[in-house]
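Read-outs throughout are calculated quantities, based only on the coordinates presented, and are distinct from any laboratory measurement. Since the structure is predicted, the reported quantities are computational estimates derived from the model, not experimental observations. We place every Cβ from the backbone using ideal geometry, glycine too, and count neighbours over all the protein chains shown.
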């Protein structure tokens with residue numbers, strides 16, 4: 001087996017999965033208790049752990065890589081509101097990494113980076129409000145400020161002093177947690193403490209690119225949602241309410257019906273209370289300073305417009321976030337050279353449940369503070385070792401590929417025949433298509449060793465059979481195919497033939513369960529038949545090498561036979 005991922009991405013996957021776990025643990029604890037400034041505290045926790053990791057592993061750019069991984073892991077959470085946290089995670093990673101690159105690897109650089117990273121949470125809050133409600137929010141804030149100054153009798157207070165004071169608190173907090181992360185990280189490294197061992201269970205395997213059966217994805221819907229969001233916001237800014245209001249309402253209703261899973265959080269009253277508060281402040285204070293009136297129709301209109309604008313953005317992002325999980329989009333990452341990112345995400349998700357269960361509970365973190373980093377670093381080492389093993393490319397599995405109806409099965413049957421003539425033991429099966437009126441109407445499963453056949457699938461509906469696409473599959477034949485594969489893994493033949501691996505297996509059906517077992521038997525040379533349009537997804541799912549793929553239109557059977565014989569005899 002060959003190495004499939006370099007060490008920097010491996011370490012980034014480790015940090016990213018631990019970072020995501022801490023985000024989940026700490027975020028859940030803080031938000032459930034409704035602790036004020038939960039986002040700031042969470043940012044401080046991230047700065048602490050990242051600064052410590054920058055002492056443990058000082059590879060360049062691994063923190064930015066870890067930020068990308070953690071942010072994308074955040075994107076598949078059930079929450080509809082993911083863009084803000086994702087941007088915050090990326091910004092924290094970029095600021096910390098940039099500070100170290102520019103200023104060097106010393107305490108001052110980490111303190112400055114940590115201070116700016118925590119300050120970003122305040123900046124992002126202000127930017128989010130401006131994006132959601134527009135620059136009219138500034139006038140609302142000024143009106144509220146003037147109202148409070150007059151009513152409290154405090155005059156001449158410059159609002160910039162308040163902004164400077166608040167910013168100083170954020171900067172100080174970030175500097176303190178960064179310094180502590182630096183100190184604790186260096187301390188644990190120097191003493192080489194490993195207080196606790198962690199077991200990474202391979203059964204906790206949740207693939208990032210796993211296709212969800214309850215979600216139908218659409219590229220044109222992704223484009224349409226984006227266009228509608230931009231259009232409604234433009235019409236609102238131009239005050240074309242006759243068009244923007246009905247279009248926006250229909251859009252929100254569509255998102256609620258189409259993406260029920262993604263908009264669950266929007267059922268909570270907090271966000272609607274926020275809309276109401278913003279609207280009331282605008283209605284009662286919009287013209288208060290200039291006219292002395294506590295209510296204005298213009299203020300009410302502005303408040304409603306800001307709230308409606310926020311709804312469009314929030315619901316729009318819920319739809320966009322869902323569609324971005326399209327396997328086709330994720331597959332493009334592989335096609336255009338982002339396979340390292342894909343693999344890093346995949347292994348990070350596979351380890352996340354175990355990481356979460358292994359880390360100390362957030363409510364106990366202060367009491368266990370002396371041992372937290374040693375535990376985390378100990379887990380990081382074991383995760384890194386696990387990731388290195390799990391991303392090794394399986395070079396014992398060879399893929400025969402070609403287009404639909406191009407003769408893949410005929411090719412592999414001839415190859416099998418010639419290998420048998422050379423005296424090699426072969427187990428497995430072929431999916432042989434049968435035609436009627438020049439149209440394929442059913443498949444038979446043919447045992448590669450005995451020649452026995454059984455009907456696998458037919459276009460005709462059969463009671464008790466399972467529908468998949470345009471065929472009905474015989475569950476008993478599926479069991480036979482899985483049994484053939486499993487028996488082969490026990491008997492260790494010279495070669496194992498699986499024809500074919502395709503859409504069903506990619507959706508964890510068909511031969512999927514037995515292929516998981518077979519893929520772990522690296523001592524068995526295997527031949528899998530894969531349709532060309534599913535090739536990349538199969539390679540990604542089972543960590544197969546592109547170098548072991550053979551297109552039937554470009555491959556000589558004798559060459560492949562001799563090549564496989566060398567592999568078997570190696």
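Using the average count of surrounding beta-carbon atoms within 10 Å as a protection proxy, the listed peptides 474-480, 10-16 rank, highest first, as 10-16, 474-480.
In terms of other Cβ atoms within 10 Å, 485, 228, 69 run from fewest to most in the order 228, 485, 69. Of the Cα atoms belonging to the stretch 477-570, the radius of gyration and Dmax stand at 13.3, 35 Å. The packing ranking, built from the mean of other Cβ atoms within 10 Å per residue, places the peptides 231-242, 54-65, 173-184 in the order 173-184, 54-65, 231-242, highest first. Based on the alpha-carbon gyration tensor of the stretch 417-487 and its eigenvalue square roots a ≥ b ≥ c, which shape applies: rounded if a/c is under 1.5, prolate if not and a/b is larger than b/c, or oblate? Verdict is oblate for the stretch 417-487.
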